[in-house]
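Read the structure below first, then the notes.
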Amino acid sequence: MNKIPFILLLLCFFTSCSKDSDSENNGTTYNYYYPTDETAITATEIGAGTGTLDPKGIAIANNKLYICNGDVLEIFDATTLKYIKTISNYTKGTTTIALTKLSSVSIDNGRIYVGSRDSRLFVFDENTNAGISTVGDGQWWNTFVHVFGVVVKDGLVFVKEKETSIKVFETSQITENSNWDLKPIAKLNTLNGFDQVYSLDVVSGNLVVAGRDAKSYLYYNIANIKANAANSLIEPIKPTTAPFSDAKPIAISFSENWAIATENVGSVNYLRLYPKEEFMNKNYSPRINANDIMGANPFGSVVSVAQMNDRIFLSDNTNKKIRVIKLNHSIITEQK
């Protein structure tokens, strides 16, 4: 039997692999996925390079990378990684509101939705960046008790606020003339939580939340949310879960093939890539399971993730940078 090359054994040590039988030569085919460092976006890449970077939520849409950076929203070209602009205010007509304490961003159907821990959701036009509407007036005792996460898809807006609450709105409720104090159509319960930035995504008819405080990914069936919307305003809908013994899910995002996650175990932070279908079936067997890149550059607390092609973008808040990781794939057949 031919030996598998040392480098691929090393890759399997640092990551994970899958194997399939090869009927033609009766050997075994190994698929290896492993991350390598490509580059990073730091404060020096923003504008004149004299500011700071405190990254929270990130999102990619139409070849643009959006980064929540303290009190501003940064926009970069997701291919060239060149800086495009900084949005520091919500402006609509004669109204200007300074952005503050941004936690999360989501882009859907020509709109940019930006969550603020100062109890507001800002909605911008994706093309012009002009203000469309705001939800919440900045007072925690009104519409939102702060905003710690947002995701928008399929006509629904999911807003994570303080403690265990997610409020659900329809995108059609938010117009240029809508009132800031919108009422949610449904409410969800995250079981545990307080005031951390939360990561959410929508896939295969489900809202999935990285439930760091529940030590589980939280699954909410969207058809069930719609069917029980009225009752949920009285008793918020609880998720289905599969709790870990030690891992705390921090971030989650879905691409065509992957559930891209970051998880914390004690003082160690992991990047984990799960096949999407397996993940949705709560089979947590990561193909990449890395807390650094080949033994160097350990990950800090990565609070948000995104993927475009073979690039994975990590919002590493500990190290104050957006790490750009390349997803590599190698195949080898072990002959018999």
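Any idea which residue in the stretch 263-277 is farthest from ASP246 (Cα to Cα), counting only those that are open to solvent by less than 50 Å² (accessible area, probe 1.4 Å) and without any contact (Cβ under 8 Å) to a residue 60 or more places away in the chain?
Ranking the candidates gives PRO275 first.
Considering only the stretch 286-297, I want to know if a residue exists there that is in contact with a Lys or Arg (Cβ under 9 Å, 6 or more places away or on another chain), open to solvent by 50 Å² or more (accessible area, probe 1.4 Å), of a type outside the set (Lys, Arg) and not in a strand (DSSP E or B).
Yes, the stretch 286-297 has at least one match.
Evaluate the following for LYS160: is it open to solvent by 20 Å² or more (accessible area, probe 1.4 Å), closer than 30 Å to ASN264 by Cα and basic (Lys, Arg)?
Working: open to solvent by 20 Å² or more (accessible area, probe 1.4 Å): no; closer than 30 Å to ASN264 by Cα: yes; basic (Lys, Arg): yes.
For LYS160, the condition - open to solvent by 20 Å² or more (accessible area, probe 1.4 Å), closer than 30 Å to ASN264 by Cα and basic (Lys, Arg) - is not met.
Taking the conditions exactly as written (open to solvent by 10 Å² or more (accessible area, probe 1.4 Å), of a type in the set (D, E, K, R) and over 30 Å from ALA247 (Cα atoms)), does LYS183 satisfy them or not? Break it down into steps so the answer makes sense when it comes.
Details: open to solvent by 10 Å² or more (accessible area, probe 1.4 Å): yes; of a type in the set (D, E, K, R): yes; over 30 Å from ALA247 (Cα atoms): yes.
Yes: the conditions hold for LYS183.
Within the stretch 312-326, can one find any residue that is open to solvent by less than 20 Å² (accessible area, probe 1.4 Å) and not in a strand (DSSP E or B)?
No, the stretch 312-326 contains no residue that is open to solvent by less than 20 Å² (accessible area, probe 1.4 Å) and not in a strand (DSSP E or B).
Taking the residues in the stretch 207-246 that are assigned to a loop (DSSP other than H, G, I, E, B) and more than 20 Å from the chain's Cα centre (by Cα) as candidates, determine which candidate is nearest to GLU263 (Cα to Cα).
Looking at residues that are assigned to a loop (DSSP other than H, G, I, E, B) and more than 20 Å from the chain's Cα centre (by Cα), I get ASP246.
Which count do you get for residues in the stretch 89-110 that are over 20 Å from GLU161 (Cβ atoms) and in a strand (DSSP E or B)? Show your work before the answer.
Restricting attention to the stretch 89-110, the residues satisfying the condition of being over 20 Å from GLU161 (Cβ atoms) are 89, 91-96, 98, 107, 109-110.
So of that shortlist, the ones also in a strand (DSSP E or B) come out as 89, 91-92, 95-96, 98, 107.
Within the stretch 89-110, residues that are over 20 Å from GLU161 (Cβ atoms) and in a strand (DSSP E or B) number 7.
Quick check on the stretch 327-334. Is at least one of its residues open to solvent by less than 10 Å² (accessible area, probe 1.4 Å) and either part of a strand (DSSP E or B) or of a type in the set (Asp, Glu) (or both)?
First, the residues of the stretch 327-334 that are open to solvent by less than 10 Å² (accessible area, probe 1.4 Å): none.
Checked the stretch 327-334: no residue is open to solvent by less than 10 Å² (accessible area, probe 1.4 Å) and either part of a strand (DSSP E or B) or of a type in the set (Asp, Glu) (or both).
Find the residue count for the stretch 137-159, including only residues that are within 23 Å of the chain's Cα centre (by Cα) and not in a strand (DSSP E or B). Step through it out loud before you land on a result.
So in the stretch 137-159, the residues within 23 Å of the chain's Cα centre (by Cα) come out as 144-159.
Narrowing further to those that are not in a strand (DSSP E or B): 144-148, 154-155.
Selection size over the stretch 137-159: 7.
Table: residues versus (1) within 30 Å of GLU334 (Cα to Cα); (2) under 20 Å from the mean Cα position of the chain (by Cα).
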position	(1), (2)
TYR33	yes, no
ASP54	no, yes
ASN63	no, yes
VAL72	no, yes
ILE97	no, no
ARG117	no, yes
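Would you say VAL168 is in a loop (DSSP other than H, G, I, E, B), under 16 Å from PHE148 (Cβ atoms) and among the β-branched types (Val, Ile, Thr)? It would help to see each step written out before you state the result.
Working: in a loop (DSSP other than H, G, I, E, B): no; under 16 Å from PHE148 (Cβ atoms): yes; among the β-branched types (Val, Ile, Thr): yes.
Spelling it out, it is not the case that VAL168 is in a loop (DSSP other than H, G, I, E, B), under 16 Å from PHE148 (Cβ atoms) and among the β-branched types (Val, Ile, Thr).
Considering only residues that are modelled with pLDDT under 95 and polar (S, T, N, Q), look in the stretch 186-205 and name the one that is most open to solvent (accessible area, probe 1.4 Å).
ASN192
Quick one: which residue in ALA223, ALA242, ALA229 is more than 25 Å from THR36 (Cα to Cα) and open to solvent by 40 Å² or more (accessible area, probe 1.4 Å)?
Exactly one of ALA223, ALA242, ALA229 is more than 25 Å from THR36 (Cα to Cα) and open to solvent by 40 Å² or more (accessible area, probe 1.4 Å), namely ALA223.
The values are calculated or read from the model by the stated rules, or taken from the named source; none is laboratory data. Model, not experiment: these values are computed from the prediction. Virtual Cβ from ideal backbone geometry, glycine too; neighbours counted across all protein chains shown. For accessibility, only protein heavy atoms count, side chains too; no ligands or nucleic acids. Shrake-Rupley method; radii C 1.70, N 1.55, O 1.52, S 1.80 Å.
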